[in-house]
1. List every residue pair whose Cβ atoms sit under 6 Å apart, with the two residues 6 or more apart in sequence or on different chains, where the first one lies in the stretch 203-220 and is more than 11 Å from residue 164 (Cα to Cα) and the second, anywhere, is within 12 Å of the ligand (Cβ to nearest atom) and in a strand (DSSP E or B).
2. Being closer than 18 Å to residue 92 by Cβ and surrounded by fewer than 14 Cβ atoms within 10 Å (Cβ to Cβ) is the filter here, so list the residues in the stretch 304-322 that pass it.
3. It is to be established whether one or more residues within the stretch 332-340 are at positive phi, in contact (Cβ under 8 Å) with a residue 60 or more places away in the chain and crowded, with 16+ Cβ neighbours inside 10 Å.
4. Report yes if some residue within the stretch 285-300 is touching a residue at least 60 places away in the same chain (Cβ under 8 Å), within 16 Å of the ligand (Cβ to nearest atom) and surrounded by 20 or more Cβ atoms within 10 Å (Cβ to Cβ); otherwise report no.
5. Return yes when residue 112 is more than 11 Å from residue 326 (Cα to Cα), buried (at least 19 other Cβ atoms within 10 Å of the Cβ) and in contact with a helix residue (DSSP H, G or I) (Cβ under 9 Å, 6 or more places away or on another chain) and no when it is not.
6. Inside the stretch 171-199, can you point out the residues that are touching a residue at least 12 places away in the same chain (Cβ under 8 Å), in a loop (DSSP other than H, G, I, E, B) and buried (at least 16 other Cβ atoms within 10 Å of the Cβ)?
7. So residue 280 fits all but one of (1) farther than 20 Å from residue 236 by Cβ; (2) within 16 Å of the ligand (Cβ to nearest atom); (3) buried (at least 20 other Cβ atoms within 10 Å of the Cβ); what number is the exception?
8. Tell me, which residue of the stretch 40-74 that is closer than 30 Å to residue 399 by Cα, away from the ligand (no atom under 16 Å from the Cβ) and not in a helix (DSSP H, G or I) is farthest from the chain's Cα centre (by Cα)?
Ligand SMILES: *Cc1c(COP(=O)(O)O)cnc(C)c1O
């Protein structure tokens, strides 16, 4: 006798095979497939398992080795977070569940909101945005609603320093506004350039602080004043907040809104496009524009509050957001506590400075001064003297089983390599990275050709970009219309 489990598996297999056959039939009809008889592979479960395990080993993640991706905070993601996010009460939430049944989930949102408000100096947060860029969009929609409510519909310019993250200008065009880029001076905002950029068309400023060079904008108070005096709002791109937690707060620096990347600063495995959570925090005067419904506590029980439906910009995703990521951030914050988060900040900054200080003899550091959570190397001198680029160095790191850092960003540094070690790496691991970087610096002088062909040991070698560019083979698919 077969068990119910075996029967259901059989049913599923039959169903899937049937679907495959049907799809192949359709493809054949449309003449996409030439063979009449389809040779579907017949493999055992074990062989398939081995195939996928083999493929997974070609992957690279933070759990394999060091992953110093600047401006992307790739830190260790504690396993306890996964366990908690998988509790059925959290992972099986349904949007139409009765409030009485989801008190725990609502409590997490209310409590995490108050913790994030305290950390960032804001008055309210929404968890709906599913990524950093989505948070930016949500915040600019809120800025727009605010200006329009005041009748200031001509404000349509957002000022962004040239060191800004690429998603910032992209977001500005998504809300139909214009980007006004201002040049930096010595890696920081040039106050004179900012003064001449503001006008009665200024809707706001988007900036990250510390900026993408890893430097803190000491004039942030003045920057805020200039923008506010012109009638604009201040937006803080807090995707990587590793260098400010429990040290300083965007709210205190004068910002009106901020987004956080819970998947970066607050530990969720991410990459390849997801999953993420980009909650947006605002000062009290912008709260009524936040997406609804919002989780609230009335002193008795937790509820979905729709009080601001009229003034709200509307929903930008399900009201839970990417809840698994929210739960992981909550678990991380509870596990660290305030003291722990302060230590995170101090260690992230210390680690970045340790690497910077030890590598400065071997590489040119762009704007070499005490940095925050990240710093930028420029390989421009290596290009000039040895014909070795930032790309070559990044590829060579793969041979040493280290993930390359971010390269060619920020745009204001030529041949940039942007390094963010995070707080979760040990000194031994940092030393190992430093030794490899020093070894590569020697190779650059002695045998630069090794770098041109790197990576030499990985499953997939270097893509020939020149050939790809010259020898384009574009395949167009004609899609059925209607
Ligand atoms: C990663 C990042 C973003 C975008 O976040 P996504 O979740 O990838 O959309 C925005 N700004 C900065 C500074 C970032 O590092």
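Please treat every number below as a calculation from the coordinates, not as lab data. Owing to the predicted nature of the structure, the values given are computational and were not obtained by experimental measurement. Here Cβ is always computed from backbone atoms with ideal geometry, including for glycine, and neighbour counts include all displayed protein chains.
1. 204/235
2. 318
3. Let us first name the residues in the stretch 332-340 that are at positive phi, namely 337.
Checking which are in contact (Cβ under 8 Å) with a residue 60 or more places away in the chain leaves us with none.
Checked the stretch 332-340: no residue is at positive phi, in contact (Cβ under 8 Å) with a residue 60 or more places away in the chain and crowded, with 16+ Cβ neighbours inside 10 Å.
4. No, every residue in the stretch 285-300 fails to be touching a residue at least 60 places away in the same chain (Cβ under 8 Å), within 16 Å of the ligand (Cβ to nearest atom) and surrounded by 20 or more Cβ atoms within 10 Å (Cβ to Cβ).
5. Details: more than 11 Å from residue 326 (Cα to Cα): no; buried (at least 19 other Cβ atoms within 10 Å of the Cβ): yes; in contact with a helix residue (DSSP H, G or I) (Cβ under 9 Å, 6 or more places away or on another chain): yes.
Criteria not met by residue 112.
6. Start the filter on the stretch 171-199 by keeping residues that are touching a residue at least 12 places away in the same chain (Cβ under 8 Å), which leaves 171-172, 174-184, 186-189, 191, 194-195, 197-199.
Going one step further and asking which of them are in a loop (DSSP other than H, G, I, E, B), we end up with 175-177, 183, 186-187, 198-199.
Matches in the stretch 171-199: 175, 177, 187, 198.
7. For residue 280, the failing item is (1).
8. In the first step, residues of the stretch 40-74 are kept if they are closer than 30 Å to residue 399 by Cα; the result is 47-74.
From what's left, away from the ligand (no atom under 16 Å from the Cβ): 47-61, 63-66.
Filter once more, keeping what is not in a helix (DSSP H, G or I): 58-61, 63-66.
On the way: 58: 23, 59: 19, 60: 17, 61: 15, 63: 18, 64: 20, 65: 19, 66: 18 Å.
Taking the candidates together, the pick is 58.
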